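Single-structure report; data block below.
The values are calculated or read from the model by the stated rules, or taken from the named source; none is laboratory data. Everything numeric here is computed off the predicted structure, so don't read it as measured data. Cβ atoms come from the backbone with ideal geometry, glycine included; neighbour counts cover every protein chain shown. The accessibility values were calculated without ligands, DNA or RNA, using every heavy atom of the protein model including side chains. Shrake-Rupley method; radii C 1.70, N 1.55, O 1.52, S 1.80 Å.
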Amino acid sequence: MGKTVRGSTIEGHLIEAGDVRFAYPGGEFELRVRELRIDAGDRVAVVGPSGAGKTTLIHLLAGLLTPSAGRIRVVGLELEGLTEEDRKDLRLLRLGLVFQELELLEYLDVLDNVLLPYRMSPVLELDGAVRARARALVEEVGLGDKLRRVPSRLSQGERQRVAVARSLVTQPAIVFGDEPTGNLDAENRDHVAEILFRYSGETGAPLVVVTHDRELTERFARTLDVRELA
Amino acid sequence: MRDVLYLAWRYLRYNRGKSAVLVGSITLILFLPAALQVLVGEAAELLTERADSTPLLVGAPGSPVDLTLASLYFTEPSLPPVPYREVEEIAGSGLGLAIPLHLRYSASGRRIVGTTPEYLEFRGLRVAEGRRFALLGEAVLGAEAARALGVGVGESIVSTPAGAFDVAGSFPLRMRVVGVLEPSRTPDDEAVFTDLKTSWVIAGIGHGHEEVAELEEDDEALLLREEGRAVASPALLPYTEITPENIATFHFHGDQAEFPVDAVVVVPHDLRSETMLRGRYAEGDAPVQIVVPRAVVDDLVDTMFSVRDAVLLVSLGLILATVATLALVFALSVRLRRQEIETMRKIGVPRGRLAAVLAVEVLGIVLAAIVIAGALTLAVGRFGGELLRIVAG
């Protein structure tokens, strides 16, 4: 991919996990992942019943949760060896996250919400090219005429499309989605999915998406049932 | 840093109502003690300035503060008058200049100061238009009084009767305005100056009327005429305006030495004269008191400073309470923004960057409050004196 995170370069699979165990404190549920490998260009639908650990898996791979055992390697970096702030760097610079509940900032308009990773990063430089890319992304998600609108004046589907644009503006090496189309109608769902697939296709970034939607699942080349990971 | 400022600005701007309330609250707790400090300083300066230029005051025994305030700031006199004899005695002693003040009456809310032309000289009051009062019934207006009343040279003003049941005979007297003074930025600007005798006429001690002896036999103003003596009836009314035609008929009944004055401004010739004058009235059973206005005002100012210090102490408590409340507001605000902060964490915003944005938001509010409070305090410093003069009337 040619990118580095604090001096590390990507080697091997983009995502590798082995002998991972994770349990929430005080909970009976335990997620186990014996072996998981995801490579460039992979489009993976993570499926399973509610409570099976789909979201937990995505959070572990994105460094939002720390496993109690095992190793996870993302874009060539061992997550175990990273501090909390290093993991944040990883997410901000290399990962794109589209979660169902990821909120937009109400006091920023569409364009500024999309540019948020740049405005909040001491490393990423917000220049004319980035602004142009952000505008193009907003155009692409069909909100070109609503650049200066605040989220409260957008529909649920429009807000989710802004969140997708925000997750892609840094040109991430991997895109994670946790039911990114869960609250959307069919038209908006297809629109959001189309954007994600197009990005993955154009850049080779693997797409790892948790979904309950059968129609959407069928569009993924690979399906991963979390119950079978152990 | 530019992005941090930008994000903080956008947040404050979007939540402009909340931001304005916070800025307003902090501005108030900063401005009020500062303004109090400035205003008390200004008031102390104004008080001492006037007192400094008035060496001694003589008046009836009683509150030195009342005597000083009435004589220097023309407040309603609360002490009884002293006889004009005191003025004559001080002048006759050769120890200093004695300037009488008669302050009982007003014209359209402006104090009528019955005095002598020496008062204008003593205060350095210069005539901007017209001339000083010279004849009975003439008045000179302070600059602000002339402006407020809308009266100029050649026009007239009428004294306000002391009361509907004033049996002493305080008739409204129409006075001709013969001069307007230059502004002096002192209480003199607010006053109406007239000759002491004119104020005695207002008081009913002197009056003018038709010559009784020349009244026709059937004139209802004539009560009886016998053996070359004519007696006027109550129908004989005094003139309410002093004109060149009737000025000669004005006269005073009684001994002038007993006529009232409310205070005497005494300007001793030298320190020795001052000491002698003060010694003369120092005895406990003296019928009048002598006060040094500066000493009286210093006591007043000390009291003002004590009150100010007490208010500042209370303000300090209020500031601490407000700071605690604001801290709580900011903490609650952060809790309310938990979802937003969680989103930031998920997308990988560094903790320091997030803290910087939140800190700049708080700093922006505090800085805005400091700037506004500073500007307001400067304005109070600039216009505080004027404000105090207006408030003091």
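Figure the gain on full extension for B:Ile341 and B:Trp9 (residue separation times 0.36 nm, minus the Cα-Cα span) and round it to one decimal in nm.
117.8 nm
Annotation for B:Ala91 and A:Glu125: the two label points, set 7 Å from Cα along the Cα-Cβ direction, are 9.2 nm apart.
Selection among B:Gly17, B:Leu46, B:Gly62 by position relative to the dipole of the range B:2-79 gives B:Gly17 as farthest towards the positive end (Cβ unit charges, Cα centre).
Seen against the Cα atoms of chain A and their longest principal axis, helix A:84-94 is set at about 60 degrees.
The modelled label-to-label distance between B:Leu328 and A:Glu30, using points 7 Å beyond Cα along the C-beta direction, is 4.7 nm.
For A:Arg222, nonlocal amide neighbours, meaning residues 5 or more places apart or on other chains whose placed amide H falls under 5 Å from its own, are A:Arg43, A:Ala45. The base-10 log of I(q)/I(0) for the protein assembly as shown, evaluated at q = 0.07 Å⁻¹, reads -0.64 [Debye formula, identical scatterers on Cα atoms, solvent excluded]. Picking from A:Pro151, A:Pro122, A:Pro67, which is most flexible by a Gaussian network model of chain A using Cα springs under 10 Å? The residue with the greatest mean-square fluctuation here is A:Pro122.
Rolling a 1.4 Å probe over the protein heavy atoms leaves A:Arg198 with an accessible area of roughly 90 Å².
Helix B:2-14 axis versus longest C-alpha principal axis of chain B: approximately 60°, rounded to the nearest ten. Among B:Phe383, A:Phe176, B:Phe31, the sequence by solvent-accessible area, most first, with a 1.4 Å probe is B:Phe383, B:Phe31, A:Phe176. The figure for B:Lys18 is an accessible area of roughly 80 square angstrom, using a 1.4 Å probe on the protein chains alone. For B:Phe252, the solvent-accessible surface computed with a 1.4 Å probe is close to 60 Å², ligands and nucleic acids excluded. Roughly what angle does helix B:351-392 make with the longest principal axis of chain B, taking Cα atoms, 0 to 90 degrees, to the nearest 10? Once rounded, one gets 0 degrees. For a straight C-alpha distance cut-off of 27 angstrom, the lysines reachable from A:Lys54 (same-chain residues fewer than eight places away being disregarded) are A:Lys88, B:Lys346.
Ordering B:Ile290, B:Ile202 by accessible surface, largest first, gives B:Ile290, B:Ile202; the 1.4 Å probe counts only protein heavy atoms, with every chain in place.
Computed from phi, the 3J(HN,Hα) profile of the range B:143-159 under the Karplus parametrisation 6.51, -1.76, 1.60 (θ = phi - 60°) reads 4, 6, 4, 4, 5, 5, 7, x, 10, x, 4, x, 9, 9, 10, 10, 6 Hz, with x in place of Gly and Pro. For A:Val98, nonlocal amide neighbours, meaning residues 5 or more places apart or on other chains whose placed amide H falls under 5 Å from its own, are A:Phe176, A:Gly177, A:Asp178. Here the Karplus curve 6.51 cos²θ - 1.76 cosθ + 1.60, taken at θ = phi - 60°, turns the phi angles of the range B:64-80 into couplings of x, 5, 4, 4, 5, 5, 5, 6, 8, 10, 6, 6, 4, x, 10, 8, x Hz, with x standing for Gly and Pro. Couplings 3J(HN,Hα) for the range A:58-70, derived from phi with the Karplus relation 6.51 cos²θ - 1.76 cosθ + 1.60 (θ = phi - 60°), are 4, 5, 5, 5, 8, x, 7, 10, 10, x, 7, 8, x Hz, where x marks Gly and Pro. When A:Lys146, B:Lys197 are compared by accessible area at a 1.4 angstrom probe, the order from most to least is B:Lys197, A:Lys146.
Which is the longest run of chain B containing none of the GluC sites (Glu not before Pro) found in DSSP loop states (not H, G, I, E, B) with at most 11 other C-beta atoms within 10 Å? Counting only loop sites that pass the neighbour cut-off, the longest clear stretch is B:1-210.
Remark: mean inter-chain Cβ contacts per residue of A:164-170 equal 1, using a 10 Å Cβ-Cβ cutoff to other protein chain atoms.
Given the options B:Gln339, B:Gln289, B:Gln256, which has the most mean-square fluctuation in a GNM of chain B, springs set between C-alpha atoms less than 10 angstrom apart? Maximum fluctuation in the GNM of chain B, among the listed residues, is at B:Gln339. Count Lys and Arg as plus one, Asp and Glu as minus one, and take only other residues whose Cβ is under 12 Å from that of B:Pro64; the net charge is then -2. Annotation: amide H-H contacts under 5 Å for B:Ser156 (H modelled 1.01 Å from N, sequence separation of 5 or more, or interchain): B:Val177. Of the residues B:Leu32, B:Leu181, B:Leu320, the one that moves most in a GNM of chain B with alpha-carbon contacts below 10 Å is B:Leu320.
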